[in-house]
Every structure is written in structure tokens, then in C-alpha cells.
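Any read-out appearing in this document is the output of simple, stated calculations on the displayed coordinates, not a laboratory observation. Note that this is a predicted model, so its numbers are computed, not measured. So basically every Cβ, Gly included, is an ideal-geometry build from the backbone, and we count neighbours across all protein chains shown.
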Amino acid sequence: VLQEKKIIIIGCGAGGGTAAQFARKQNRKAKITIIEKGNFAQYSKCGLPYVISGDIKNFDNLIEFSKEWFNKSNINILSNTSVESIDKINKKIIVKNNNSITKKSYDSIIIASGSNPQIPPFENINKDELPKGFHFLRTIEDGKKILKEISNIKKATIIGAGLIGLEIADSLYKKGIEINIIEALPEILSKTIDKDISNTIQEKISKTINLFTNYLITRIEKKGRDYKLFIKNNATFEKITIDTDLVIIATGTYPEIKIAKEAGCEIGVTGGIIVDNKSQTSLNNIFAVGDCTEYLDFVTKKPISIGLGSIVVRQGIAAGINAAGGNYTLPEGFLQTCTSKFFGFELASVGPISNNLDKNEIISSKYEGLSLPNYYPGGKLIKIKLIIDKKTGYILAAQGIGDNISLRINTIACAILNRMNVEIFRKLETAYAPPLAPTLDVITIVSDIAYKKLKRIN
Ligand SMILES: Cc1cc2nc3c(=O)[nH]c(=O)nc-3n(C[C@H](O)[C@H](O)[C@H](O)COP(=O)(O)OP(=O)(O)OC[C@H]3O[C@@H](n4cnc5c(N)ncnc54)[C@H](O)[C@@H]3O)c2cc1C
């Protein structure tokens, strides 16, 4: 029997919006309300760099589900309204719109409050008042400000060489802007892929842009309309000064947990709200999804919080269905399957990077081959790495760059999820036709290499 459950969702990003849709599909009688402090309904943050580059025409194109869409689906959406706190005893949430405070009763809550941008410790800059010309790219509002400013600039600096920093750098580069990237660690993409894979990208892009790895910004000074950034190498202490017209900070985020923490939800070591594989927090009837949460790495079973839209949406499905009275269980942890494209590189990875695994317990194999049979023109080079468990031969992780790499990595994701042994996986029968794929795909060959290494040891 369907119950007229009152479900309140805090935040209408990918997590909150997805949860609302699946709650509605599960229970047509549920009274669903989304409360969003911003002005927009559900839009894709992931698409923001491509509006800057011009590949996507307009920020409006990023809106996936409008306020009208939610209203038509009988989901009440209150924008420009924020949730101030949760009164668990009376099962009410306290809501603020302009200056008026109201209370709304609930049967279950889904917290989908997202994350906030992290700001590096600049010596002479107040974090709460970033100077004009300094930006994040997290929202449509941020994107509009950047697009307005870049129409008459020559040089831009991106702080942080993670996936998002590099996507933004590529977008600005396509606009003809000279690019500096400053990264505090010795390697780019250090949270996503291993050094031996990222090196290929690092070498190639440093010919196109000014890439400063292992550098920290020490001071920032204004010079007329522009800025001077003083940077220092962590190893050699070499000091360099960079002139720039615009700075974009892409040094990661931290989970927005204020309301959850005050309500008594357990917070994990990464700073996110701990959720289980039903997207349930430590409190009854309170679920949480998305960038504000902490969950397990499927392979290591250690807590992580990495901010991927692909994870957020899956958590949203679970929370929506479960909050509406259904029963949906996610796998015991997330694979962190991800992909990106910048400066002509396609990149994808699944599972933990080597640094997050015990080096004594793994074997890795690498292979470089073509996307098509050697005799067929147009094949492109693919570099792929596979990591397996030394004792069992289970596939744990994979990373690569090259043609259609995300689909290849997705196949390996399937093997990891099913705890497949490399001995079986190397026998996988992949599709073959000269203009599309070789008889033995790079995923098969890299698995075979790993298997042979395993046999030599055991
Ligand atoms: C530029 C960029 C590119 C990206 N590219 C990719 C990609 O290619 N692939 C990928 O997997 N991921 C990507 N991501 C990450 C992905 O976009 C995020 O993981 C995802 O959007 C997070 O969704 P969310 O619902 O958890 O949080 P958000 O989208 O941040 O939504 C949270 C919402 O909650 C609202 N809120 C917060 N507190 C309150 C409150 N108290 N009351 C009311 N409302 C509140 C906020 O206003 C916000 O709208 C990218 C992110 C960015 C910024």
C-alpha cells in the first residue's frame, strides 16, 4: 500500500533532483518538496567548461530538469529558499525565504547539500573576499562571470591540475587565451591516475601551456588591471613571477555538512556525511546523497568522498526509492569510474590509484597498442594499465588514455564489480571488425600480461 509520505529534499543539484524523480517513480502518493537556496532547478555542473569553450551554446542548455518539469511531475520545488536546520524531535525542518522563517513537517529527509570550493592558503589574500578576477567554476553564476571577463583578456591562470582544472584550462585555451596552470604536487591528476599514465599527458600539454607542477603561490599583487602571482617551487625553492589577467581556483571541494552535523548525523574521516549502501545516514529517516557524503571505495572498503556526478546520481536513485518506501541497495562501495577529455587526450580510470593500495599486494601490467588492427589506417595509440591482486588475481583497477578509453574502462569496471579473476577476464571475447576494433583488444592484451606476471610469482 502506498503511503502519503512527506519527503523533503535539501538541494536541487544532481543528487537532490535525481532523488526527487526516483521518489516520485516509487510512490505516486508521496508529497515531495525540494528546497533549493539557489535560483535554478537541476542543471549539469559538468557541462560548465563546455559553455566557456563555446562547444555548448548557452548556460540555459545545461538545465536538465526545469522548475516547470518538477511541477508537472507533482514535485514541489521552492527555490531561493534555504533549509536552516532540522528539528528531529518534532519532525520539522526550519526554512528561510527572504527574511521569513517557516517550519515544514517531514516523514523523511534527503540531504543533498553538495560541496564548497576549497581555497588555497594565499598569504596576503582574505579567503572570504577574493579579489575581482579570481573565480571558481562551480555554478552557472560563476560561469557567466567568467564568460563576461574572458572576452578581453590575454592570459589566464588555473590553480589545480585535477580533472576540472584541466577541463577549464582546455576551454580557455580553445578561446585563444594563454594558459598557466599551477599545481602544488609534482604530478598532474594525482588523485585520478598513476604517475606513469599522467606523465604522457604532462609531457605533451607542457608544450602547449605553461605548466608549473610542484609550485605554490606565495603572494598575489595587483598590477593595474592585472595580477602578479609569486610562485615558489616546493623542491628547489626557485621563485617565479607570473602575470595574469584572470585566475580560476580548481583545488577541490569540501562537503557541505552544517545542517546534517547539527542534526546529529555521523560525519566521517573525509569530512562527509557517512551513508550506507541505501544512502541512509546514521539517523532514521534521514538520507544523504552526493558531494556532501562519505562512502566506501568498492575495492579497498576504505571511506572516500570524491565528488563525481556518476556516483551522486546513483546515490540519488537509492535515496529517492528508499525514502519513498521502496528498497534499493547499492553495491558495497563505489568504483570511482571516471573519464575526461582535454588537450586532445581521452582519459579514463576505474578503481583506486596505486597509492591507495598496498604495493606488496598488487601486480600491475601496462600495454600500448592501437585502437584498430595494425593494417587498418587511422588506428590511434592507447596506453592502458591494469592492477590486480597478487594473491587472488582479482582485477582491482585500471587506467588509460586514448581512443574510446571510457568504454574500455567501463568493461573493466564490470569485471571489478563482479570480482572477476584476470585469468577469466583475459579470455573475454571482444567484438572485432577492421574499421572498429582489433581481434585482441588492448584490454585483453594488458590482462594477459598481468596474468603471466601472476603465474611467474605464484
Ligand atoms: C566544472 C565541473 C565539472 C565536472 N565534471 C564532472 C564530470 O565530467 N563527471 C563527473 O562524474 N562529475 C563531474 N563533476 C562533479 C559533479 O558535477 C558533482 O559531483 C555533482 O554536481 C554534485 O551534485 P550534488 O547534488 O551532490 O551537489 P550540487 O550540485 O552542488 O548541489 C547541491 C545543491 O544544494 C543546495 N544547497 C546547499 N545547502 C542548502 C541549504 N541549506 N538549503 C537549500 N539548498 C541548499 C546548493 O545551492 C546546490 O544547488 C564536475 C563538477 C564541476 C564543478
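What's the longest piece of the chain with no exposed chymotrypsin sites (Phe, Trp or Tyr not before Pro), counting a site as exposed if DSSP puts it in a loop and it has at most 10 other beta carbons within 10 Å? The partial results should precede the final answer.
Working: sites that count: F237, Y375.
No qualifying site falls inside 1-236, the longest such stretch.
Over 31 Å between Cα atoms: which of K174/K261; K37/K57; K258/K302; K103/K301; K92/K148; K204/K391 fall into that group?
Values: K174/K261 42 Å; K37/K57 26 Å; K258/K302 23 Å; K103/K301 39 Å; K92/K148 42 Å; K204/K391 36 Å.
In this structure, K174/K261; K103/K301; K92/K148; K204/K391 exceed 31 Å between Cα atoms.
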**OP:** Once you have the Cα-Cα distance between A431 and K127, take 0.36 nm times their residue separation minus that, and quote the gain in nm to one decimal.
**Re:** 104.1 nm
**OP:** Describe numerically, in nm with one decimal, the distance between label points set 7 Å from Cα along Cα→Cβ at K359 and at E332.
**Re:** 2.9 nm
**OP:** Would you mind computing, in nm to one decimal, how far apart the modelled labels at K391 and T241 are, each placed 7 Å from Cα along Cα→Cβ?
**Re:** 5.9 nm
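Step through the table entries K232/K383; K45/K91; K341/K390; K25/K104, compare each Cα-Cα distance with 28 Å, and write down the pairs that go over it. Let's see the in-between values first.
Details: K232/K383 33 Å; K45/K91 32 Å; K341/K390 32 Å; K25/K104 23 Å.
Going by Cα-Cα distance, K232/K383; K45/K91; K341/K390 fall outside the 28 Å limit.
So, R0 is 60 Å and r is the distance between the beta-carbons of C414 and K154; what FRET efficiency does that work out to, to 0.05? Working shown, then result.
Numbers: r = 46 Å, r/R0 = 0.77.
Given R0 = 60 Å and the Cβ-Cβ separation, E is 0.80.
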**OP:** Please arrange V350, V313, V289, V299 by counting, for each residue, the other beta carbons lying within 10 Å of its beta carbon, fewest first.
**Re:** V313, V299, V350, V289
Original post:
For the stretch 325-452, what D do you get in µm² per second when you plug the Kirkwood radius from alpha-carbon pairs into Stokes-Einstein at 25 °C and 0.890 mPa s?
Top reply: 162 µm²/s
Subject >> Förster-model FRET efficiency, 22 Å R0, S310 and T270, C-beta, rounded to 0.05 >> reply: 0.75
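Among C414, C12, C292, what is the fewest-to-most ranking by other Cβ atoms within 10 Å?
Values: C414 15, C12 29, C292 33.
Neighbour counts put them in this order, fewest first: C414, C12, C292.
Mind checking the dipole of the stretch 1-46: about its Cα centre, +1 per Lys or Arg Cβ, -1 per Asp or Glu Cβ, Debye to the nearest 20?
Working: 9 positive and 2 negative charges, 34 e Å.
I would put it at about 160 debye.
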Subject >> For the chain, convex hull of alpha carbons as volume per residue, Å³ >> reply: 175 Å³
**OP:** Rounded to whole Hz and in sequence order, give me ³J(HN,Hα) for the stretch 25-30 from the Karplus expression 6.51 cos²θ - 1.76 cosθ + 1.60, θ = phi - 60°, writing x for Gly and Pro.
**Re:** 4, 6, 9, 6, 8, 4
**OP:** Have a look at the stretch 69-190 and give its Rg and Dmax from the Cα atoms, expressed in angstrom.
**Re:** 20.1, 57
Original post:
Using modelled amide H (1.01 Å from N, peptide plane; none on Pro or chain starts), what sits under 5 Å from the amide H of Y43, excluding residues fewer than 5 places away?
Top reply: E64
**OP:** With θ set to phi - 60°, apply the Karplus curve 6.51 cos²θ - 1.76 cosθ + 1.60 along the stretch 77-93 and write out the HN-Hα couplings as whole Hz, x wherever there is a Gly or Pro.
**Re:** 10, 10, 9, 6, 9, 10, 8, 8, 6, 10, 9, 5, 4, 9, 6, 9, 10
Original post:
So how do 378-390, 256-268 stack up, highest first, on mean other-Cβ count within 10 Å?
Top reply: 378-390, 256-268
Original post:
Out of residues 5 or more away from I188 or on other chains, whose amide H comes under 5 Å of its own, with H placed 1.01 Å from N in the peptide plane?
Top reply: none
Original post:
Can you give the net charge of the other residues whose Cβ lies under 15 Å from the Cβ of T430, counting K and R as +1 and D and E as -1?
Top reply: -1
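Quick one: which of 269-279, 201-211 comes out on top by average Cβ neighbours within 10 Å, and what's the full order, highest first? Walk me through the numbers on the way to the answer.
Values: 269-279: 20.4, 201-211: 15.9.
Top to bottom by mean Cβ count within 10 Å: 269-279, 201-211.
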**OP:** Pull out the extension gain between F230 and E64, defined as 0.36 nm times the separation in residues minus the alpha carbon to alpha carbon distance; nm, one decimal.
**Re:** 55.7 nm
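Can you say what percent of the DSSP beta bridges in the chain, counting only those with both residues inside, are antiparallel? Round to 5. Provide the component values of the computation, followed by the final result.
Values: 61 of 95 bridges.
That works out to approximately 65 percent antiparallel.
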Subject >> Relative contact order (%) - the chain, alpha-carbon pairs under 8 angstrom, separation at least six >> reply: 14 percent
Original post:
According to the Cα gyration tensor, what semi-axes, each the square root of 5 times an eigenvalue, does the equivalent ellipsoid of the stretch 195-326 have, listed from largest to smallest in whole Å?
Top reply: 40, 19, 14
Subject >> Leading residue at positive end of dipole, the chain (Cβ point charges), from G378, I217, S310 >> reply: S310
Subject >> In order through the stretch 129-141: 3J(HN,Hα) via Karplus (6.51 cos²θ - 1.76 cosθ + 1.60), integer Hz, x for Gly, Pro >> reply: 10, 5, x, 4, x, 9, 9, 10, 10, 10, 9, 4, 4
